[in-house]
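Right, one structure below, let's go through it.
The values are calculated or read from the model by the stated rules, or taken from the named source; none is laboratory data. Being a predicted model, the structure only gives us computed values, none of them experimental. Glycine also receives a Cβ, built like all others from the backbone with ideal geometry; neighbour counts cover every protein chain displayed. Calculation scope for accessible area: heavy atoms of the full protein, side chains included, ligands and nucleic acids excluded. Shrake-Rupley method; radii C 1.70, N 1.55, O 1.52, S 1.80 Å.
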Amino acid sequence: MTLDSTQPEPVSAPGAGPSAEGRRERGAPRERWQVELAEAVRDPGELCRLLGLDATVAAEARRAAGGFPLLVPRPFLERMAAGDPHDPLLRQVLPLGVELVSPPGWVADPLEEAAALAAPGLVKKYDGRALLLATGACAVHCRYCFRREFPYAGHGVSSAGTAAALAAIAADPSIREVILSGGDPLLLDDDRLTDLLGQLVAISTVTRIRIHTRLPVVLPSRVTRRLVALLADLPHPAVIVIHANHPAELGPDQAAAVRDLASSRAILLNQAVLLAGVNDTLPVLLGLSERLLAIGVLPYYLHLPDRVVGTAHFDVPEEKAVGLIDSLRQKLSGYGVPRLVREVPGEASKVTIA
Ligand SMILES: *Cc1c(COP(=O)(O)O)cnc(C)c1O
Ligand code: SF4
């Protein structure tokens, strides 16, 4: 087990609706997103029952999950096609036997993030910006994620770690932009987020706050009125980078969440990972860009997958990736084409491939 706290806190009152917003005293009903998070699917058998898949799929998933167990919120599951073991959304979350065989070159920390820690919970690799690891927890476990191997607890990702990270940000005026990352920073509840954003805003040298989150996609109910108000209150527009890899991830609930975020005047971007068997075709990438633009999100990055153990089956050859981007450029407005990038340890920025 490497992610330190993937289990949400116990739910005291299942069924709490949006009306729970605004009264969050201890013992009060939790918000809908917290209930939905607690009800996320964790059992491969249940996943297969819900999707009408063969029990052998569940047996393999149980064997392959290792220290990074299945975790899928139901709003994401509802976007999958029933009965298709190769569904591109399912493929992102279903543990497969191939994860257990990793070729040489696929390692635990391909980005050498552990070496780039400027303080507990603070990763500073590039000039002007730093990543604050606000939590180790995610609402979904993406099989291709390098964070599956990241020892959050050992790197100060905790309340005490956040305090140390904030002190390091305040002491380094070169950090103009703070990127809330993790894990998923929007898993902090609104009280903790209010506190964290307040402390960041109080640091005069920080002029921009960016949030990297998959929640508007996998758990759109997280975009509460209180969250939107919190973002709208920032002295500058927030930059919110969501993470969708396939157009089917972006249904009406996701579009509504994005629209609510935009009402805070946040700048909305998407980062995707290029994944074999998920989105490594021209029609899917074209569909993703079109859908993002239709709901008001600009495609920002298309990442080549990081070479982390257990993820080699997602790899897409660089030449193929470049060909896909070249074709996209012919079919889409320039602003609809994401930058194809790879992260290379030691470089001064992400490396643009095309
Ligand atoms: C990706 C990343 C950033 C942000 O890079 P941008 O190119 O500005 O999006 C910052 N810090 C770290 C450690 C990163 O991995
Ligand atoms: S890709 Fe993002 S949401 Fe998915 S497991 Fe990794 S950090 Fe969490």
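When the P(r) of the range 71-133 is calculated, the portion above 15 Å amounts to 69% of the C-alpha pairs.
Just the protein heavy atoms count here, and of the accessible area of the chain at 1.4 Å, carbon and sulfur take up 54 percent. For the range 272-354, a simple Cβ point-charge model (Lys and Arg +1, Asp and Glu -1, everything else neutral) yields a dipole of about 220 debye relative to the Cα centre. Normalised by the number of residues in the chain, the mean separation of alpha-carbon contacts (under 8 Å, six or more apart) gives a relative contact order of 16 percent.
Based on the Cβ-Cβ distance of residue 199 and residue 38, what FRET efficiency does E = 1/(1 + (r/R0)^6) give at R0 = 30 Å, to the nearest 0.05? Efficiency at R0 = 30 Å is approximately 0.60. Magnitude of the charge dipole for the chain, about its Cα centre and with charges confined to Cβ atoms of Lys, Arg (+1) and Asp, Glu (-1), is about 580 debye.
3J(HN,Hα) along the range 337-350, derived from phi through the Karplus expression 6.51 cos²θ - 1.76 cosθ + 1.60 where θ = phi - 60°, amounts to 9, x, 7, 7, 9, 9, 8, 10, x, x, 7, 7, 7, 5 Hz, with x in place of Gly and Pro. Comparing Cα centroids, the range 168-222 and the range 30-75 end up 29 angstrom apart. One decimal place: the segment residue 298-residue 100 gains 67.7 nm when fully extended, by the rule 0.36 nm per residue minus the C-alpha distance. Residues whose amide H falls under 5 Å from that of residue 41, counting only those 5 or more places apart or on a different chain, are 72, 74, with hydrogens built in the peptide plane.
Here residue 176 and residue 326 are evaluated by their C-beta separation; at R0 = 30 Å the FRET efficiency comes out at 0.35.
3J(HN,Hα) along the range 87-104: 3, x, 7, 4, 4, 6, 10, 8, x, 10, x, 4, 5, 7, 10, 10, x, x Hz, from the Karplus curve 6.51 cos²θ - 1.76 cosθ + 1.60 with θ = phi - 60°, whole Hz, x for Gly and Pro. Distant-in-sequence amide contacts of residue 273, defined by a placed amide H-H separation under 5 Å and a gap of 5 or more residues or a different chain, comprise 303.
If R0 is taken as 35 Å, the Cβ-Cβ distance between residue 233 and residue 339 corresponds to a FRET efficiency of 0.70. For residue 125, the residues whose modelled amide H falls within less than 5 Å of its own, excluding neighbours fewer than 5 places apart on the same chain, are 131.
By the rule of a second cysteine Cβ within less than 4.7 angstrom, the chain holds isolated cysteines at 48, 138. The residues of the chain expose, per residue, 41 Å² of accessible area to a 1.4 Å probe.
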